[in-house]
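Enquirer: Here it is: the structure, laid out below.
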Number of protein chains: 2
Amino acid sequence: MSGSKVQLLLTGNELMTGDIVDSNSAMMAQVLKDIGLSVNRKVTVADDLALLVDEITYMANTSDILIINGGLGPTVDDLTARALALSIGEELTQHPEALAHLTHWCQQRGAELNAPNLKQAILPKGCQIVANRNGSAVGFSVRYKDCDIYCTPGVPHELKVMLKEQIIPTISAGLPLNLITDITRLQVFGIGESSLQKIINEQLSDWPEEIELGFRAGMPLLEVKLTIKTQQGLALKSLWKNKLANALGDHLIAEIQGKPKPLAEHLINQLQQHNLKVTTAESCTGGLIASKLTEVSGSSAVFEAGFVTYSNQMKTTMLDVPQNTINQHGAVSEAVVIAMAKGALTKSNADITIAVSGVAGPNGGSDDKPVGTVWFAWGSMANIQTQCLLLPYNRLQFQQFVAAIGLDLLRRYQNKSNTIPNYIVERAFPDK
Amino acid sequence: MSGSKVQLLLTGNELMTGDIVDSNSAMMAQVLKDIGLSVNRKVTVADDLALLVDEITYMANTSDILIINGGLGPTVDDLTARALALSIGEELTQHPEALAHLTHWCQQRGAELNAPNLKQAILPKGCQIVANRNGSAVGFSVRYKDCDIYCTPGVPHELKVMLKEQIIPTISAGLPLNLITDITRLQVFGIGESSLQKIINEQLSDWPEEIELGFRAGMPLLEVKLTIKTQQGLALKSLWKNKLANALGDHLIAEIQGKPKPLAEHLINQLQQHNLKVTTAESCTGGLIASKLTEVSGSSAVFEAGFVTYSNQMKTTMLDVPQNTINQHGAVSEAVVIAMAKGALTKSNADITIAVSGVAGPNGGSDDKPVGTVWFAWGSMANIQTQCLLLPYNRLQFQQFVAAIGLDLLRRYQNKSNTIPNYIVERAFPDK
């Protein structure tokens, strides 16, 4: 069953209207991935008998494993059992094991076993029951035309337990032992997808075909993924992962284990290791950098205070930025962000800081300082660095990008990095 | 084209592995529903050329409108243009309009137009360009076998703008004129879906069937939707909308026109009208409330400064919270949030404020103040109100919910509201 074709069929009107976002299929893909299987197609249809029969028939013929999710409930629009029975040419019949489950379920809750509930025990003849200890609907499975078909409930926590305790162990037991799927994910920032592709084409042009390369552009982090499915690939992994890591240099933040960590978390871990404290002095981001730091559990060890100095007056009151400096250079200027950085370090007793002042727009731009202009100052009292960028995005994107760059500049500062990130190469304000 | 068959095809390895949850298809379904169209099938496949060609061919033959999402990027795993060209039997060629867009896009950013980027201008011959003002990848459309096929980018905000500004108006223009779909959307906060349903059952039990009621639970805002498809329904609209608005009282924030406005924007508009200034004093939210206020364009008129006082020491240094008060009551206490609120008003010269201090977790809870405990203080110097809630969510949800409640408390304060919101009814900390 190596290279098994796995497909998912999701059913439910609520999935078609956009009223809910489907997270069940991601959950199924994750647990299947854990046993080395990948989903190669998924289909979502409304609660429509003819459509369901068509899809089940086609999918059973083109896959080794088909998981159907949803449509097991007591109401008339729950059609999975009927559609499956029609697709495989079996009649519907009351299943004793399902009836026992329902009877027990209702007894436990002091409820009457009514007609809608009873419908949940009417299943395709010959199917196997997949127990559900969290809900009234049992799951069930059949083998048809060399395809194992599992029908599962749409309620996420019922599905999750059923997958973990029953379906995944069953599927796993049928897999050959030598099946490999090894995935390595790298988190990078400060290099675009096309620049990365160029580096690989130029510096790593003999990249082995046993290691499949994938990219995922996020905002702001990019993920690079190495997928290996053969023993030959595994043997090459360490060498080529290191080559890629070298080519990425300081753009590489970390190898991802489990859920990707936000940029702020990496920075906070770095600071904790060096027993350093950080503070923020924010104008155009209005507290966003501080909030990203404090989203991280444990941030209190390295972050004590942040200054949101949105008006000119408050830059002076809260951070001792000289009124004169603001008058002379304007609030969006190198002199002002340096003074903000120094003020924040002094007032908070922190070791390093990031200060930002910019024109978030859509109003407030000028010829000299158009919307998207932003000055950064960062570092320690003895070593403050500055940069002006032009980030021509809408207000929210501008703020998110400025916050991410601010955190990345601190990360690179801590790393003593001398690689220039693409946001400086491509976005440095020409005359500043 | 009433009763048009609409299908969606989503492509991307990241959608198959479960690494990300697809929210694009829900977004597409929502905007299509707004013009009276429903999606009847959607298929998701990995970045695999043969699979894509099969799906496109089948879907184009079985639908009137097909929207393909994803696979427009510069890298080798972006295959949509190639797959579409093969499916419809056209060759790939450099599209002058797409090239112009890419050239302009790179120029604006001072970047070089490299080979991977250039790939984004190689499109099926004869296709129409769908402009993308937020990204490098243009969209494109073709008409094939009576099916309008639109190819769209996977990045959600690029997709959203493209749908709104171009694709939906184009599709809509082709729909018959006598089709009515009148949708009214109300934004509410501080009332749950089940409480709302109860109000409607009890106070508006004769709700007319010509007006379909729908709910969409968001975090934190709830959307109530009235959908009308007949002339009789239109005639009843104004009366019943007003009845519903009366029943909702202060829980109703606004009728939504276009894109829903965030809570902070409503508050800022209120404050602007009354020429009042607001400040924030944040501990457990770490700058999130300030950042939500400053996300709003024009917030500088009402917001000058925010204080992120994360440590005890900085509550004293920045906001003059007496050391003694912290020692005696702890940082998460009524006395401390009152002192934070007063300190913030004094230091910033603002008229009203919101102060929060809580246990965001996962660590730091105690028997007396478990994780999820949060104290709010809000109002003006002459009238500071307080409330303790227990919000037992994970760290990020807790911070988001506290920020939303903080903004809503200020909104209700400005409205002189005396309706008690459900987050107080249901989550008030029993003994505080």
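Enquirer: Give the residues of region B:13-24 that are of a type in the set (S, T, N, Q) and either more than 7 Å from every other protein chain (Cβ to nearest Cβ) or surrounded by fewer than 20 Cβ atoms within 10 Å (Cβ to Cβ) (or both), sorted by residue number.
Expert: Going residue by residue through region B:13-24, those that are of a type in the set (S, T, N, Q) are B:13, B:17, B:23-24.
Within region B:13-24, B:S23, B:N24 qualify.
Enquirer: Of the conditions (1) more than 9 Å from chain A (Cβ to nearest Cβ); (2) open to solvent by 40 Å² or more (accessible area, probe 1.4 Å); (3) modelled with pLDDT of 95 or more, B:G258 satisfies every one except a single condition; which number is it?
Expert: (3)
Enquirer: Residues that are under 28 Å from B:T62 (Cβ atoms) and of a type outside the set (S, T, N, Q): list the helices (runs of 4 or more DSSP H) wholly contained in region B:89-197 that include at least 3 such residues.
Expert: In region B:89-197, the matching helices (runs of 4 or more DSSP H) lie at B:156-162, B:168-173.
Here's the yes/no breakdown for (1) surrounded by fewer than 19 Cβ atoms within 10 Å (Cβ to Cβ); (2) within 14 Å of another protein chain (Cβ to nearest Cβ); (3) within 21 Å of B:T11 (Cβ to Cβ); (4) among the polar types (S, T, N, Q):
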{"residue": "B:F140", "(1), (2), (3), (4)": "no, no, yes, no"}
{"residue": "B:D146", "(1), (2), (3), (4)": "yes, no, no, no"}
{"residue": "B:Y150", "(1), (2), (3), (4)": "no, no, yes, no"}
{"residue": "B:L163", "(1), (2), (3), (4)": "no, yes, yes, no"}
{"residue": "B:T170", "(1), (2), (3), (4)": "yes, no, no, yes"}
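Enquirer: What's the number of the only condition in (1) more than 7 Å from chain A (Cβ to nearest Cβ); (2) open to solvent by less than 10 Å² (accessible area, probe 1.4 Å) that B:V45 fails to meet?
Expert: (1)
Enquirer: Within region B:107-138, which residues are more than 9 Å from chain A (Cβ to nearest Cβ), open to solvent by less than 20 Å² (accessible area, probe 1.4 Å) and more than 17 Å from B:L92 (Cβ to Cβ)?
Expert: Result: B:V130, B:N132, B:G135.
Enquirer: Let me ask something additional. Identify the residue in region B:1-12 that is of a type outside the set (A, V, I, L, M, F, W, C) and open to solvent by less than 50 Å² (accessible area, probe 1.4 Å) and, among all such residues, is nearest to A:T184 (Cα to Cα). Walk me through how you get there before you give the answer.
Expert: Step one: of region B:1-12, the residues of a type outside the set (A, V, I, L, M, F, W, C) are B:2-5, B:7, B:11-12.
After this cut, where a residue has to be open to solvent by less than 50 Å² (accessible area, probe 1.4 Å) as well, the list is B:4, B:7, B:11-12.
Numbers: B:S4: 43, B:Q7: 34, B:T11: 21, B:G12: 18 Å.
Across region B:1-12, the extreme among qualifying residues is B:G12.
Enquirer: Now, a different point. Of the residues in region A:291-339, how many are assigned to a loop (DSSP other than H, G, I, E, B), more than 20 Å from A:V278 (Cβ to Cβ) and over 40 Å from the mean Cα position of the chain (by Cα)? Before you say what the answer is, go through the steps one by one.
Expert: Of the residues in region A:291-339, the ones assigned to a loop (DSSP other than H, G, I, E, B) are A:295-298, A:302, A:310-311, A:320-322, A:330-333.
Applying the additional criterion that residues be more than 20 Å from A:V278 (Cβ to Cβ) yields A:310-311, A:322, A:330-333.
With over 40 Å from the mean Cα position of the chain (by Cα) added as a condition, the list becomes A:322.
Qualifying residue count, region A:291-339: 1.
Enquirer: Run down B:D19, B:D34 and say which single residue is on the phi < 0 side of the Ramachandran plot and without any contact (Cβ under 8 Å) to a residue 60 or more places away in the chain. Full working, then the answer.
Expert: Numbers: B:D34 fails: without any contact (Cβ under 8 Å) to a residue 60 or more places away in the chain.
Within the list B:D19, B:D34, the selection yields B:D19.
Enquirer: Now for a separate question. Just checking, does region B:222-239 include any residue being within 27 Å of A:V21 (Cα to Cα), modelled with pLDDT under 85 and of a type in the set (A, V, I, L, M, F, W, C)?
Expert: Within region B:222-239 (the criterion being within 27 Å of A:V21 (Cα to Cα), modelled with pLDDT under 85 and of a type in the set (A, V, I, L, M, F, W, C)), the answer is yes, since at least one residue qualifies.
Enquirer: Hey, another quick one. Among the residues of region B:263-304, write down those that are touching a residue at least 40 places away in the same chain (Cβ under 8 Å), facing another protein chain (nearest Cβ under 9 Å) and open to solvent by 30 Å² or more (accessible area, probe 1.4 Å).
Expert: If the condition is that a residue be touching a residue at least 40 places away in the same chain (Cβ under 8 Å), facing another protein chain (nearest Cβ under 9 Å) and open to solvent by 30 Å² or more (accessible area, probe 1.4 Å), then B:K292, B:E304 are the ones that fit.
Enquirer: Just one of (1) under 22 Å from B:E282 (Cβ atoms); (2) open to solvent by less than 20 Å² (accessible area, probe 1.4 Å) trips up A:V336, so point out which.
Expert: Evaluating A:V336 over (1) under 22 Å from B:E282 (Cβ atoms); (2) open to solvent by less than 20 Å² (accessible area, probe 1.4 Å) leaves (1) as the failure.
Enquirer: Same structure again: Return yes when B:A85 is at pLDDT 95 or above, more than 10 Å from chain A (Cβ to nearest Cβ) and farther than 27 Å from A:D48 by Cβ and no when it is not. Give the steps one after another, and end with the answer.
Expert: Numbers: at pLDDT 95 or above: yes; more than 10 Å from chain A (Cβ to nearest Cβ): yes; farther than 27 Å from A:D48 by Cβ: yes.
Criteria met by B:A85.
Enquirer: If a residue must be closer than 18 Å to A:P153 by Cβ, facing chain B (nearest Cβ under 7 Å) and open to solvent by 10 Å² or more (accessible area, probe 1.4 Å), how many such residues does region A:27-42 contain?
Expert: Total meeting the criteria: 3.
Enquirer: Considering B:I352, B:I384, which residue is away from every other protein chain (no Cβ under 14 Å), within 32 Å of the chain's Cα centre (by Cα) and under 28 Å from A:D320 (Cβ atoms)? If you could, list the steps in order and put the result at the bottom.
Expert: Numbers: B:I384 fails: under 28 Å from A:D320 (Cβ atoms).
Exactly one residue qualifies, and that residue is B:I352.
Enquirer: When you look at A:V359, is it touching a Ser or Thr at 6+ places or on another chain (Cβ under 6 Å), modelled with pLDDT of 95 or more and crowded, with 21+ Cβ neighbours inside 10 Å, yes or no?
Expert: Working: touching a Ser or Thr at 6+ places or on another chain (Cβ under 6 Å): yes; modelled with pLDDT of 95 or more: yes; crowded, with 21+ Cβ neighbours inside 10 Å: yes.
In short, yes.
Enquirer: Can you tell me which residues in region A:318-328 are more than 7 Å from every other protein chain (Cβ to nearest Cβ) and surrounded by 16 or more Cβ atoms within 10 Å (Cβ to Cβ)? Reasoning before the result, please.
Expert: Step one: list which residues in region A:318-328 are more than 7 Å from every other protein chain (Cβ to nearest Cβ), which gives A:319-328.
Correct list: A:L319, A:V321, A:T325, A:I326.
Enquirer: If you don't mind, another one. Need the failing condition index for B:N275 against (1) of a type outside the set (V, I, T); (2) farther than 30 Å from B:L390 by Cα; (3) not in a loop (DSSP other than H, G, I, E, B), just the number.
Expert: (3)
Enquirer: Could I ask something else about it? Regarding B:A344, is this residue in a helix (DSSP H, G or I) and under 17 Å from B:L407 (Cα atoms)? Give the derivation first.
Expert: On the way: in a helix (DSSP H, G or I): yes; under 17 Å from B:L407 (Cα atoms): yes.
Yes, satisfied.
Enquirer: Can you pull out the residues in region B:337-356 that are polar (S, T, N, Q) and modelled with pLDDT of 95 or more? Even if it seems obvious, please write down each step before you answer.
Expert: Applying the first criterion (polar (S, T, N, Q)) to region B:337-356 yields B:346, B:348-349, B:353.
Within region B:337-356, B:T346, B:S348, B:T353 qualify.
Condition check ((1) touching a Pro at 6+ places or on another chain (Cβ under 9 Å); (2) buried (at least 20 other Cβ atoms within 10 Å of the Cβ); (3) not acidic (D, E)) across all residues:
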{"position": "A:D351", "(1), (2), (3)": "no, no, no"}
{"position": "A:A355", "(1), (2), (3)": "no, yes, yes"}
{"position": "A:D368", "(1), (2), (3)": "no, no, no"}
{"position": "A:W378", "(1), (2), (3)": "no, yes, yes"}
{"position": "A:V402", "(1), (2), (3)": "no, yes, yes"}
{"position": "A:I405", "(1), (2), (3)": "yes, yes, yes"}
{"position": "A:Y413", "(1), (2), (3)": "no, no, yes"}
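Enquirer: Right, here's the next one. With the requirement that a residue be open to solvent by less than 10 Å² (accessible area, probe 1.4 Å) and at the interface with chain B (Cβ under 7 Å from one of its Cβ atoms), what does region A:308-317 give you?
Expert: The initial filter retains those residues of region A:308-317 that are open to solvent by less than 10 Å² (accessible area, probe 1.4 Å), namely A:308-309, A:314-315.
Hits for region A:308-317 are A:V308, A:T309, A:M314.
Enquirer: Which residue, of B:K5, B:K42, is in contact (Cβ under 8 Å) with a residue 60 or more places away in the chain and among the basic types (K, R)? Walk me through how you get there before you give the answer.
Expert: Working: B:K42 fails: in contact (Cβ under 8 Å) with a residue 60 or more places away in the chain.
So the residue among B:K5, B:K42 that is in contact (Cβ under 8 Å) with a residue 60 or more places away in the chain and among the basic types (K, R) is B:K5.
Enquirer: Every residue in region A:211-255 that is surrounded by 17 or more Cβ atoms within 10 Å (Cβ to Cβ), among the charged types (D, E, K, R) and within 14 Å of chain B (Cβ to nearest Cβ), please.
Expert: Hits for region A:211-255 are A:R216, A:E223, A:K225, A:K229.
The values are calculated or read from the model by the stated rules, or taken from the named source; none is laboratory data. Since the model is a prediction, treat every value here as computed from it, not as a measurement. Ideal geometry is used to build each Cβ from the backbone, glycine not excepted, and the neighbour counts take in all protein chains shown. Only protein heavy atoms, including side chains, enter the accessible area calculation; ligands, DNA and RNA are left aside. Shrake-Rupley method; radii C 1.70, N 1.55, O 1.52, S 1.80 Å.
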